[in-house]
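Worksheet: the structure to be examined is printed underneath.
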Amino acid sequence: MDVTKVMILLQRKYGSIREIDRLTRELEEAFIRNDEVSATMLLEMRAEEMAKIDNYTEEIWQLAASDRAALQKLRRLITSDPSTAHGESAEEKKIYEIRHRTQELLDGIRETDKRVNRRVAREKSYYGADPEARHPVSV
């Protein structure tokens with residue numbers, strides 16, 4: 001298995017996730033402005049980036065598909081906790097670094113997505129009603 005290729009694909013995946021982050025923040029702004037045309041376009045663009053991520057993920061797993069030892073190594077690289085895992089080579093260390101940054105970015109995207117979902121769906125939100133809407137702050 002080519003660990004460098006795994007690293008490159010994870011970096012590309014990270015780039016797409018950064019783009020999803022940007023699009024999600026723009027989506028939030030579009031909903032604040034009640035701009036449905038922009039919101040629809042941004043949702044489509046996010047879906048395209050998500051499809052790219054799926055392709056990168058599949059490509060990564062295909063790198064080790066025919067070799068059991070390579071599959072075990074890849075599974076360790078991809079599923080280990082990136083904040084505590086230690087790579088044996090510079091490439092493996094970089095893989096864990098990319099995965100750690102990716103996780104932090106995904107956490108931020110989830111928070112933005114939660115705000116957008118609550119703004120749009122209100123009481124019907126997947127996340128429940130906005131806590132501030134239920135208990136307004138009195139001044």
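So what's the net charge close to Val37: Lys and Arg +1, Asp and Glu -1, counting the other residues with Cβ under 14 Å from its Cβ?
Numbers: positive: Arg33; negative: Glu26, Glu29, Asp35, Glu36, Glu44.
The answer is -4.
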**Complete:** Quick shape check on region 42-82: root eigenvalues a ≥ b ≥ c of the Cα gyration tensor, a/c under 1.5 is rounded, otherwise prolate if a/b tops b/c, else oblate, and it reads oblate
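Remind me, relative contact order of region 3-123 in percent, using alpha carbon pairs under 8 angstrom and six or more residues apart?
Rounded, it is 39 percent for region 3-123.
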**Request:** Could you count how many Lys pairs in the chain have their Cα atoms under 25 Å apart, skipping same-chain pairs fewer than 8 positions apart?
**Result:** 17
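Note down the net charge around Ile78, summing +1 for each Lys or Arg and -1 for each Asp or Glu among other residues with Cβ under 12 Å from its Cβ.
Numbers: positive: Lys13, Lys73, Arg75, Arg76, Arg99; negative: Asp81, Glu92.
Once all neighbours under 12 Å are counted, the net charge is +3.
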**Prompt:** What angle, in degrees between 0 and 90 and rounded to the nearest 10, separates the Cα long axis of helix 36-62 from the longest principal axis of the Cα atoms of the chain?
**Reply:** 20
**Item:** Nearest-ten-degree value, helix 68-79 long axis tilted from longest Cα axis of the chain
**Value:** 30
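In the chain, which longest range has no chymotrypsin sites (Phe, Trp or Tyr not before Pro) that are both DSSP loop (not H, G, I, E or B) and surrounded by at most 15 other Cβ atoms within 10 Å? Before the final figure, lay out the partial values.
Working: sites that count: Tyr126, Tyr127.
That gives 1-125 as the longest site-free run.
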**Item:** Theoretical gain in end-to-end length, Arg119 to Glu97 [0.36 nm per residue, Cα-Cα removed]
**Value:** 4.6 nm
**Item:** Helix 90-121 axis, angle to the chain major axis (alpha carbon atoms, nearest 10°)
**Value:** 20
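Let me know the charge dipole size of region 3-123 about its Cα centre in debye, to the nearest 20, where only the beta-carbon of Lys, Arg (+1) and Asp, Glu (-1) is charged. Could the numbers behind the result be given before it?
Working: 23 positive and 24 negative charges, 66 e Å.
Result for region 3-123 is approximately 320 debye, rounded to the nearest 20.
Each reported figure results from applying straightforward, stated rules to the coordinates on display, with no laboratory input. Every value quoted in this text rests on a predicted model; they were computed, and no experiment measured them. Methodologically, a virtual Cβ is constructed for each residue, glycine included, from the backbone with ideal geometry; neighbour enumeration extends over all protein chains shown.
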